[in-house]
Each structure stands twice: as C-alpha cells, then as structure tokens.
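What follows is a set of notes on a single structure, which appears directly below.
The values are calculated or read from the model by the stated rules, or taken from the named source; none is laboratory data. Since we're looking at a predicted model, the values are computed, not measured. Using ideal geometry, Cβ is built from the backbone for each residue, glycine included, and neighbour counts are taken over all protein chains shown.
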Amino acid sequence: MNQPVNTVVLATPEEQGSFGLGWFYLLTEDYRYSWFAGDTKYRLTIRKGFRWDGASVPRLAWSVSGLTPDGPIRAAALVHDFGYRHDGVWPDGVIEVFDGDQWQPIKNVVWSRKETDSFFRWMMTDADMPEGQVNRAFKAVRLFARRW
C-alpha cells in the first residue's frame, strides 16, 4: 500500500487546541487509495493540503503497543481522520467508482462511525500490519475516538 506524502508542520497556538500537539502532518501530494468491494472497484482521494495528527497513539504506549503516529499506520490514520473531520459525510467526488472505462464520482456518501473505524482496520490489514497491532489500534479508536 502506498503511504501519503506529507511533511511535519509546527502548529500555531490556535491550531494546538485542534491537534492537541505542537505539530501536525500536512499532506503535500494528493493521496489515493483503491479497493474492491465484491467486484466493484472504488477509489478515495484526499487532496493535498489536508492537515491531520497521524495515529493518535500516546507516547507512553509506543513501546508497549508497537504503534507510533507514523509508519505503516499512516495511510489508515489519514483516511480515518479525514472521515472523522467530516463526521462520516464524505465530500462529493472524494470517493469514486470505476465503471470499467473511467472513474465516476459518487455523491452523498455517508459512513457511520463504526464503518469509518472498520475501514481504518481494513487499511491497516491491507498495509500488512501485524494482527495484534491492528486489533489494538482498532479497539483504541472504538473506545477513545471522538463520537459524532
């Protein structure tokens, strides 16, 4: 799986409240992720310029869980944060379907919190993360991630 191309940016005092850190990731290139559901091929595109905090893993838990804010979890964290930023209401055209000839934008895509969390799990598995890490990260977002 391809990982997003990003840079670390220092947060302004106003942004620190949003990200909870003194820094955030800035997506420097469009990020695309494709997958199949049955025989149907989908693609998701997050445009450059999106800001997110990576996987929200407390530093204390890094050595115990094997998870960090970066690494193979980065793409899943990006998509998960984007979904949460929009409360599961994906902007029109972010998700597309391949009709056999070309990509067609899909409108009115809404995922529940559980669906967004499950897609996070799917992407971590697709990135060949160890099953234990996937399960820990998935349980953490189900327990501690913001509700909408």
Q.
Can you pull out every residue in the stretch 43-55 that is free of Cβ contacts under 8 Å to residues at least 60 places away in the same chain and either within 15 Å of Trp122 (Cβ to Cβ) or part of a loop (DSSP other than H, G, I, E, B) (or both)?
A. Leu44, Arg47, Lys48, Gly49, Phe50, Asp53, Gly54
Q: Please work out if Phe82 is over 27 Å from Ala11 (Cα atoms) and either modelled with pLDDT under 90 or not in a loop (DSSP other than H, G, I, E, B) (or both).
A: no
Q. Among the listed residues Val110, Val97, Val134, which satisfies the condition of being surrounded by 13 or more Cβ atoms within 10 Å (Cβ to Cβ), more than 14 Å from the chain's Cα centre (by Cα) and over 25 Å from Thr7 (Cβ atoms)?
A. Val97
Q.
Being assigned to a loop (DSSP other than H, G, I, E, B) and either within 19 Å of Tyr84 (Cβ to Cβ) or within 16 Å of the chain's Cα centre (by Cα) (or both): is that true of Trp148 here?
A. yes
Q: Any chance you could count how many residues in the stretch 5-26 are over 12 Å from Asp53 (Cβ atoms), at pLDDT 75 or above and either surrounded by 11 or more Cβ atoms within 10 Å (Cβ to Cβ) or among the acidic types (Asp, Glu) (or both)?
A: 1
Q: Name every residue in the stretch 108-148 that is under 18 Å from Glu96 (Cα atoms), touching a Phe, Trp or Tyr at 6+ places or on another chain (Cβ under 8 Å) and of a type outside the set (A, V, I, L, M, F, W, C), in order of residue number.
A: Thr116
